[in-house]
1. Could you tell me which Cys residues in the chain have no other cysteine's Cβ under 4.7 Å from their own Cβ, answering none if every one has a partner?
2. Once you have the Cα-Cα distance between THR112 and ASN40, take 0.36 nm times their residue separation minus that, and quote the gain in nm to one decimal.
3. Divide by every residue of the chain the summed helix terms, -39500 (n - 2.57) for each DSSP H run of at least 4, and state the resulting mean residue ellipticity at 222 nm, rounded to the nearest 500 deg cm²/dmol.
4. What is the sum of charges, Lys and Arg at +1 and Asp and Glu at -1, for the other residues whose Cβ falls under 12 Å from the Cβ of GLY174?
5. Distance from a point 7 Å along Cα→Cβ of HIS201 to each backbone N in segment 226-244: keep the residues under 16 Å and list them by number.
6. Between 0 and 90 degrees, rounded to the nearest ten: what's the tilt of helix 230-242 against the longest Cα principal axis of the chain?
7. For ILE163, ILE3, which order do you get if you count the other beta carbons within 10 Å of each Cβ and list the fewest first?
8. Starting from the Cα of ALA276, step 7 Å toward the Cβ, then list every residue of segment 226-260 with an amide N under 20 Å from that point.
Amino acid sequence: MRIAIASGKGGAGKTTVTASLASVWDRPFIAVDADVEAPNLHLFLPPAVERSETVGLEVPVLDPERCTLCGACRAICRYKAIAQFASRLTLFPDMCHGCGGCFAVCPTQALTPGSRELGVLDAGTVLEGRGRFLMGRSRIGEAMTPPLLRALRKRLDAMLADIPGDALIDSPPGVSCPAMTVGLDADAVLLVAEPTPFGFHDFRLAHQAFRQLGKPVAVVMNRAAMPDNAEGDERLRAYCAENGLPLLGELPFDRAAAEHYAKGHLIASASLEWRARFETLRAAVQTFAEGAGHA
């Protein structure tokens with residue numbers, strides 16, 4: 001079962017939930033950091049990395065001697081990665097999406113395949129071997145993450161084929177292309193919602209976006225019972241009830257737990273009470289995901 005742990009905004013607590021859920025997961029699992037632009041799951045689940053793989057995207061390389069400046073490659077490129085200045089063709093690899101159209105239309109084979117580095121995939125184990133780990137990291141300055149996420153998905157497929165288990169996926173925040181790319185491959189989505197005005201607004205956007213993918217969605221409220229925010233808690237509960245969203249748990253605002261987490265420790269290790277909360281959440285998530293799989 002692949003469970004995407006997502007949020008409408010950064011800082012809502014999806015990494016907090018992913019890491020602590022992994023620490024109490026009671027069956028084989030892979031903790032996956034798919035927030036490739038800003039991965040941080042490894043800070044709370046320090047991995048023993050066993051394999052690193054550089055991921056590239058096929059991009060064109062120009063042979064000026066063969067180029068006749070016919071313009072066919074420039075005309076087919078929707079991403080403006082090929083331009084002509086006077087009598088010279090110029091390629092912009094960082095704008096290339098790797099569609100391969102330019103290779104297909106070039107009549108003189110003046111374009112040959114090259115590679116642009118997208119990022120790195122790291123794989124290994126966590127929690128003294130109790131679970132496996134997979135993380136993607138974008139190249140600094142890389143603006144296009146979906147191809148790296150598709151490579152991460154293929155690596156995850158291979159790991160699950162080798163040893164079946166659950167995938168707990170720390171998703172990119174928000175509702176942009178990276179988040180939707182991860183959501184498309186999930187069996188279920190757990191939205192981490194923060195009951196502040198901004199958090200609630202972005203949570204609703206996330207729910208509407210994931211609902212369009214046809215994925216079963218459940219919710220966990222983070223930072224519940226914040227001082228002077230009872231109205232925010234009730235508003236979030238009411239929205240879940242109105243939209244048939246299972247509210248699987250409420251994680252209370254706790255300054256001591258936040259300080260524990262800020263030092264790089266798992267929230268689930270802050271106290272026996274916090275561990276019990278995540279064990280209860282684990283059971284609820286497993287029941288929800290299994291029910292979604294049979295729906």
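Derivation of every value follows stated rules applied to the coordinates shown; laboratory data play no part. The structure presented is a predicted model; accordingly, all values stated were derived computationally and were not measured. Here the Cβ is made from the backbone with ideal geometry for all residues, glycine too, and neighbour counts use every protein chain on show.
1. CYS67, CYS70, CYS77, CYS96, CYS99, CYS106, CYS177, CYS240
2. My answer for the length gained is 22.2 nm.
3. Working: 10 runs with 109 residues, N = 295.
The per-residue figure over the chain is -11000 deg cm²/dmol.
4. -1
5. Within reach of a label on HIS201, which here means backbone N under 16 Å from a point 7 Å along Cα→Cβ, segment 226-244 contributes 232, 236.
6. 70 degrees
7. ILE163, ILE3
8. Inside the label zone: 248-258.
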